[in-house]
Amino acid sequence: MDNQPKKTWQEQLQEVIYESNTKAGKAFDVALLIAIFTSILVVMLDSVDRYHQQYGHLFFVLEWTFTFLFTLEYILRLVCIRQPIRYVLSPLGLIDLLAIIPSYLSIFYAGAQSLLVLRALRLLRIFRIFKLTHFLTEMEFLSVAIRASLKKISIFMLTVIMLVTILGSVMYLVENHQNGFSSIPESIY
């Protein structure tokens, strides 16, 4: 006979949502990654005028379906852990919240749905799910190298900006306000 106490529904839910080393947990995480990727794809396709004209209503329905599912997932994450505030303030918790806010903001502010691409940040879960966290130390090495080279990068960028500005101005003068070179900023572009 099994002497282990029965798990509560919250403990069972926590095991599925937070544990990627169980069969149910891995299935949940893979399904979540597929939903995130599909959601990002829908947002990207909806930004193409031709597809928006043809499938705009479908994209709208799909986007709100994903928003509902991600909201439900966020709430379930809060319900099944002992200290929900720790999750809310954690990097993944903040990313999860940022992933659902744009949909709700779009009700009040037109164009806010374009921020839905923030859902791409949720793909960082792949590091945890497939136990790739050792690659995060490599990202730290890269950030240290970039910080060490910041002066060189800044000088290079400043030089590029100056050259582009000078060459854009020359093109404006050479083209004599024609062929799409109607202003210096457009010429620079």
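The values are calculated or read from the model by the stated rules, or taken from the named source; none is laboratory data. What you are looking at is a predicted structure, and each value in this text was computed from that prediction instead of being measured. Positions of Cβ are backbone-derived with ideal geometry, glycine not excepted, and every protein chain shown enters the neighbour counts.
Between Phe59, Phe70, the distinction of being in contact with a Lys or Arg (Cβ under 9 Å, 6 or more places away or on another chain) and either at positive phi or surrounded by 13 or more Cβ atoms within 10 Å (Cβ to Cβ) (or both) belongs to Phe70 only.
Can you confirm whether Glu15 is acidic (Asp, Glu), surrounded by fewer than 17 Cβ atoms within 10 Å (Cβ to Cβ) and either over 22 Å from the mean Cα position of the chain (by Cα) or closer than 18 Å to Leu121 by Cα (or both)? Answer is yes for this residue. Put simply, of Leu136, Leu173 the only residue that is assigned to a helix (DSSP H, G or I), modelled with pLDDT of 75 or more and over 30 Å from Trp64 (Cβ atoms) is Leu173.
Kindly check whether there is at least one residue in segment 51-68 that is of a type outside the set (Gly, Ala, Ser) and under 14 Å from Arg122 (Cβ atoms).
Kept after step one, since they are of a type outside the set (Gly, Ala, Ser), are these residues of segment 51-68: 51-55, 57-68.
If we keep only those that are under 14 Å from Arg122 (Cβ atoms) as well, we get 66-67.
Scanning segment 51-68, I find at least one residue that is of a type outside the set (Gly, Ala, Ser) and under 14 Å from Arg122 (Cβ atoms), so the answer is yes.
What pairs come out if I take residues in segment 82-99 that are over 16 Å from Tyr18 (Cβ atoms) and pair them with residues that are aromatic (Phe, Trp, Tyr) and assigned to a helix (DSSP H, G or I) whose C-beta lies under 7 Å away, six or more apart or interchain? From segment 82-99, the pairs are Leu97/Tyr74; Ala99/Phe70. Check segment 89-107 and report whether any residue there is modelled with pLDDT of 90 or more and either farther than 29 Å from Trp9 by Cα or part of a helix (DSSP H, G or I) (or both). Yes: segment 89-107 contains one or more residues that are modelled with pLDDT of 90 or more and either farther than 29 Å from Trp9 by Cα or part of a helix (DSSP H, G or I) (or both).
Within segment 38-56, count every residue that is surrounded by fewer than 15 Cβ atoms within 10 Å (Cβ to Cβ), assigned to a helix (DSSP H, G or I) and touching a residue at least 40 places away in the same chain (Cβ under 8 Å). Here the count works out to 1. Taking first residues from segment 3-17 that are over 14 Å from Arg82 (Cβ atoms) and partners that are surrounded by 16 or more Cβ atoms within 10 Å (Cβ to Cβ), the Cβ contacts under 6 Å between residues at least 6 apart in sequence or on separate chains come to Val16/Gly25; Val16/Phe28.
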